[in-house]
Amino acid sequence: MRRPFFPIHPFTHSPIHNFLNRHILRLFLILLSLTASAQPAWEFSGYLVNLPVYQDNPARVSSIYLTERVFLNLTRLRLRPTLNLGDRTRIALEHEVTALYRTDVLPPYQQVTDITNRQRFDWRWYPLQEDYLTVSHFIDRLYGWHEFDFGEITIGRQRVAWGSGRIWNPTDLFNPINPASFDKLEKDGADLLSGKIFLGNFTDLTLVYNPRREVKDHNGAFRFRSNYRSYDVSLVGGYFDRRLILGGDFAGNLFTAGLRGEGIYAVSRNAGEENFLKFILGLDYQFTSKLYTLAEYQHNGQGRRDPRRYDYAALLNGTVINLAQNYLFLQALYQLHPLVNGGLGYNRNLDDNSGFVSLTLSYSFRQNIELSLGGQLCHGRTASEYGFYPQSLYLKG
């Protein structure tokens with residue numbers, strides 16, 4: 001849900017959720033007891049990113065929201081303390097402080113969500129909320145991890161990244177990133193109980209449980225991963241968003257190029273919703289030590305070919321990242337200098353012929369200091385997917 005200009009509200013607990021939360025807490029305490037005699041060791045890392053952005057909105061957007069040209073400045077400070085309790089147990093936290101200044105109120109589709117559809121708890125707070133300045137802080141990761149001889153278990157808000165695609169990940173059921181979101185640096189954490197069982201070299205089974213506020217909305221999934229000849233392959237399945245999911249992914253080499261693909265088929269139990277197929281197929285090639293290229297196609301059966309049937313509400317609440325069915329992304333990265341890299345990408349909606357060009361130029365001052373200049377140039381007719389997106393120019397450092 002989106003609440004960029006209002007304080008958060010306390011969440012309520014049903015009896016069954018209190019029951020589940022108690023048992024998850026007990027599991028967490030058991031993990032701590034397993035390493036009660038271990039010598040604790042702290043690690044600390046993090047980063048600071050400043051992202052000034054100039055945006056020129058299309059006339060059809062500015063006529064509605066009176067925001068033709070907007071300047072934004074987004075500052076993110078992420079702190080990553082980790083407590084290691086021996087070699088097999090750790091407790092990790094990633095806490096982010098965000099400050100957003102804007103010269104005008106943003107249209108709804110440019111506002112950020114407080115809580116994703118994979119987060120059980122609302123851990124975002126707003127110390128300052130003014131018309132043009134918002135300061136928030138939130139917990140994006142908070143989990144306990146323990147490794148056994150036969151596997152590992154992780155409890156809490158964590159990152160799970162499934163799939164082999166470079167641009168889209170149909171098998172990533174947890175929070176895939178929209179390719180148009182150049183300001184997104186991290187995948188959102190998901191509130192999960194996950195376990196991995198080691199079955200052999202390059203073979204394992206992952207089980208994931210995602211509690212939600214309503215019992216009928218609980219999610220669960222598995223991923224079996226292995227290796228066949230020169231290919232990494234996996235099989236995924238589960239129950240997500242009231243849909244039965246079955247799919248898989250692969251990655252390997254086709255002669256001297258990289259070949260990857262993934263997909264799912266979803267059988268919906270939601271009234272009035274159709275079953276759908278979603279898949280990607282990608283190819284990348286390193287022409288020289290300096291030039292890398294990528295092409296990736298996505299079929300999004302959850303979308304629509306007719307722009308008049310686009311589900312903008314689902315895009316706004318974060319349940320989908322694209323509206324149409326067929327997409328093609330092309331990218332080239334080139335090393336201009338050992339410290340300077342350039343990138344050119346083009347994403348095209350093959351159904352309504354809208355799209356965007358992304359340009360990047362980055363310079364590494366030192367090992368941990370980088371400055372990037374980028375642009376995102378969108379095109380499309382009225383009511384096309386990318387016809388509503390602004391032209392953007394930004395610095396990132």
Run through all the Cα pairs of the stretch 314-397 and give the fraction in each 10 Å bin from 0, expressed as whole percent. 17, 38, 28, 15, 2
Toy charge model, Lys and Arg Cβ at +1, Asp and Glu Cβ at -1: the chain dipole around Cα centroid in debye, rounded to 20, equals 320
Taking the beta-carbon count within 10 Å as an exposure proxy, list 130, 96, 273 from fewest neighbours to most. 130, 273, 96
Using the Cβ atoms and a cut-off under 10 Å, what net charge is assigned to the surroundings of residue 356, where Lys and Arg are +1 and Asp and Glu are -1? 0
Please give the calculated 222 nm ellipticity per residue for the chain, where each DSSP H segment of at least 4 residues contributes -39500 (n - 2.57) and the sum is spread over every residue; nearest 500 deg cm²/dmol? -2500 deg cm²/dmol
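Order of 269, 212 from fewest to most other C-beta atoms within 10 Å?
Result, fewest neighbours first: 269, 212.
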Geometric extent, Cα atoms of the chain - Rg, Dmax (angstrom): 21.9, 65
Count of Lys pairs (Cα-Cα under 26 Å; at least 8 positions apart or interchain) in the chain: 11
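The numbers here are math on the coordinates, done by the rules we state, and not lab data. Model, not experiment: these values are computed from the prediction. Note that we place each Cβ from the backbone using ideal geometry, even for glycine, and neighbour counts take in every protein chain shown.
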